[in-house]
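Just so it is clear, none of the values below were taken in a lab; they were calculated from the coordinates. Nothing here was measured: the structure is a model prediction, and the numbers come from that model. FYI the Cβ positions are ideal-geometry reconstructions off the backbone, even for glycines, and counts take in every protein chain you see.
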Amino acid sequence: MRLQAGRRVGRTASDHQLTSTGGTYPPELLPPFFAWIGHLMPMTYTIDAFRIAISGGPLDRLVADLALMGVLFASSLGLLVAVIHRRRRFRPSDLRPGLG
């Protein structure tokens with residue numbers, strides 16, 4: 001049951017990213033809700049960086065997009081390491097049969 005709920009959440013987030021990033025049509029044509037949520041989605045900055053790299057544009061925006069993606073990558077990696085490190089510690093409640 002949890003797996004299906006996780007898939008639904010992931011699918012919904014993916015669908016919102018695809019519609020709100022402006023990758024399929026210009027971001028200026030987005031409805032206000034998708035324009036607002038688009039700034040929260042990492043794919044927006046990836047597509048913007050690709051557009052600038054392919055067809056040219058202001059380099060300061062490219063550097064800002066790459067820096068933001070770097071920060072997101074580093075924070076995600078840090079969170080992953082913290083979660084894995086926390087799960088590798090055994091507590092008495094993790095042992096079967098329980099002690100005590």
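Brief remarks on what is shown
- Global geometry of region 11-70, whether rounded, prolate or oblate, following the gyration tensor of its Cα atoms and the 1.5 cut on a/c: prolate
- For a label point 7 Å along the Cα-to-beta-carbon line of His85, residues of region 63-78 with backbone N under 15 Å: 75-78
- Dipole axis of region 2-89 (+1 Lys, Arg; -1 Asp, Glu on Cβ), positive-most option in Leu62, Pro26, Ser75: Ser75
- Helix 59-87 and the longest principal axis of the C-alpha atoms of the chain enclose an angle of approximately 10°.
- Computed about the Cα centre, the dipole magnitude for region 2-89 is approximately 880 debye when only Lys and Arg (+1) and Asp and Glu (-1) carry charge, each at its Cβ.
- Summed side-chain charge close to Met43 - residues other than Met43 whose Cβ falls under 14 Å, Lys, Arg +1, Asp, Glu -1: -2
- The chain, relative contact order [Cα under 8 Å, separation at least 6], %: 16 percent
- Order of Met41, Met69 - criterion: other Cβ atoms within 10 Å of each residue's Cβ, fewest first: Met69, Met41
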